[in-house]
Amino acid sequence: VSVPSRQAQLGAEVMSPKSTLFSVPSRQTQLGAEVISPKSMLASPQSRPAFDRDCRSISSLSSHDSVMAGGIAPSVLKRFHIERRLVVAHVHLDEEEVEEQLRLGPQSKRGNAPQEQLSILDYHPHVKACFDEFASNEERLCGEWAVFYHSYSYSALIYELQAAIAATLFGFPASRSTLPRILLADFARTPDAAALVEQFKTRFKTQKLDHHPDYRAVAISVMCSLVALGPEVSTPTMFLAGFSQFDLSFMHVLHKTLAECHIPKHKVEQIAARVIALSEKYGLDVSRFGGKASETGRSGHMLQIFVRRSMLDRLVYSSKPYGPLDPQRHPISAWLASDAKTNHGQARILAHPKWFLSPRYVRMF
């Protein structure tokens, strides 16, 4: 986020009020300092009161200590919102299209996709409750929305931090979900999925594929079903086991995020250390940040992402493993509007904060 803001008194650590941490929903936490989130397989409900006390007790930087004290530049916010309004007229499907999608039903059950693999969750009550909630969301929103599932582990700290920052700057509903990306400048060369596909062909195909830092800065890997069988990823298995990569520095990403929020350079390491300590205290696995692994041994998180059908081809493309376009399922809007099974096949989402910060276009749980 390149906009200074008095609201974002980020002088303490910041993390978001909901993602995959606590097993019960929590009230929105006022971000005077740090906040972690409610949905995962980790902390017990009893952790929340102590966590709230810690949040209130941490002091933040004074306004004169941070260049964020000047308030959000009106011109930046005006441009930010005008660009989104340009597509509002094309957001909604007509009634017949919505009725057809409702008739086809939840995406994960289309084509009579087998559901048996969900039985693995019978021995994990909290995980099963999460998947039941995901299934309910699918049924409720399948008319105008397509759904995707993003598995992650060690990046949970980063996602929580970004959701908290967005809550402070833009009113993002951080009590509902985390936020995968927040740095607008990273998207200068990739404003949409078509640009990302083109860059993959010309740059990333011969340079680390979807592991290239510039690709990772803007895109996330997702599956298209609660009962995905592959390739590479089974949705329920990944939520239990966690999914992450090891060929990047998570600490570098944390420092970069804080620095881009105009945290004074001499404060970045101190604040990062306190974010890590708080995350460790409340059960996040921060072993890739130099901290401790989760005591439960479960570091898996799952983000359910709904994208409006009218926005699908702008933000998503059907992908093979490692990021190349899958022409058999392209365009993804047509594939996901049909009664085809979605339990095999990956996708990549351009996680542009311009769209991810607005529930009009993207909704996450």
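The values are calculated or read from the model by the stated rules, or taken from the named source; none is laboratory data. Bear in mind the structure is a predicted one, so any value in this text is a computation, not a measurement. Using ideal geometry, Cβ is built from the backbone for each residue, glycine included, and neighbour counts are taken over all protein chains shown. With ligands, DNA and RNA removed, areas are computed over all heavy atoms of the protein, side chains included. Shrake-Rupley method; radii C 1.70, N 1.55, O 1.52, S 1.80 Å.
Here are a few things to note about the model shown:
- Neighbourhood net charge (15 Å Cβ-Cβ; Lys/Arg +1, Asp/Glu -1) for Leu312: +2
- Computing FRET efficiency as 1/(1 + (r/R0)^6) for His211 and Glu97, where r is the C-beta to C-beta distance and R0 is 45 Å, gives about 0.75.
- Rounded Å value of the spacing that divides the Cα centres of segment 287-345 and segment 152-179: 18
- When His126, His301, His92 are compared by accessible area of protein heavy atoms, the largest-first order is His92, His126, His301, using a 1.4 Å probe.
- Restricting segment 201-304 to GluC sites (Glu not before Pro) in coil, as DSSP defines it, with at most 15 other Cβ within 10 Å: Glu232, Glu295
- Proximal charge balance of Asn343 [Cβ under 12 Å; K/R count +1, D/E count -1]: +2
- Each Lys or Arg adds one and each Asp or Glu takes one away; over the other residues whose Cβ falls under 13 Å from the Cβ of Ser136, this sums to -1.
- Residue pairs exceeding 22 angstrom between C-alpha atoms, taken from Lys128/Lys292; Lys265/Lys292; Lys205/Lys320; Lys292/Lys320: Lys128/Lys292; Lys265/Lys292; Lys292/Lys320.
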